Amino acid sequence: MVAVAAWELPWAYGWSAPAVDPTFDRTIAEQALVNQVHQVLGESGAAKVRKRLVKGNPVEVLLSEAEGATALVVGSRGMGGFRRTLLGSVSQQCALHATCPVVIVRGTVEVTDSGAPAE
């Protein structure tokens, strides 16, 4: 099992020269990935998972990693411009284009008495 986190510099899309993000700290990002995996799977589960931080378009990275996989599991953070949508753009694109089954995991959603999600 592999946990993959991917990032790219959105302003550098199509840029031919090497781009550097002075605000990105690889060590901090790798530790955040390790912490997230431990939080979700616990110590014993996390020990069985290889963790990879990959620079690249998140959709392309995840689809590439999922080739030949039993399943691709992605989160739905909704960090794009449409925070209230059910699926984020990365999870939606993975669901549409993956060659294996895709599981999209959403965080806890608080429901009001009317049955509608709380704002």
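Data table
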| item | result |
| --- | --- |
| For S76, S64, S91, S44, order by how many other beta-carbon atoms lie within 10 Å, fewest first | S44, S64, S76, S91 |
| Hz values of 3J(HN,Hα) by residue in region 58-70 - Karplus curve (6.51, -1.76, 1.60), Gly and Pro given as x | x, 5, 4, 4, 5, 5, 5, 5, 7, 4, x, 7, 6 |
| Burial ranking of peptide ranges 49-58, 26-35 (average Cβ count within 10 Å, highest at the top) | 49-58, 26-35 |
| Under-5 Å amide H pairs with A3, H placed in peptide plane, nonlocal only | R50, K51, R52 |
| 3J(HN,Hα) from dihedral phi, region 41-49, Karplus parametrisation 6.51/-1.76/1.60, rounded to Hz, x for glycine, proline | 9, x, 4, 5, x, 5, 5, 8, 10 |
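Where a number appears in this text, it was derived from the coordinates with a stated rule and is not lab data. Note that the coordinates shown come from a computational prediction; the quantities given were computed from them, not determined experimentally. Here the Cβ is made from the backbone with ideal geometry for all residues, glycine too, and neighbour counts use every protein chain on show.
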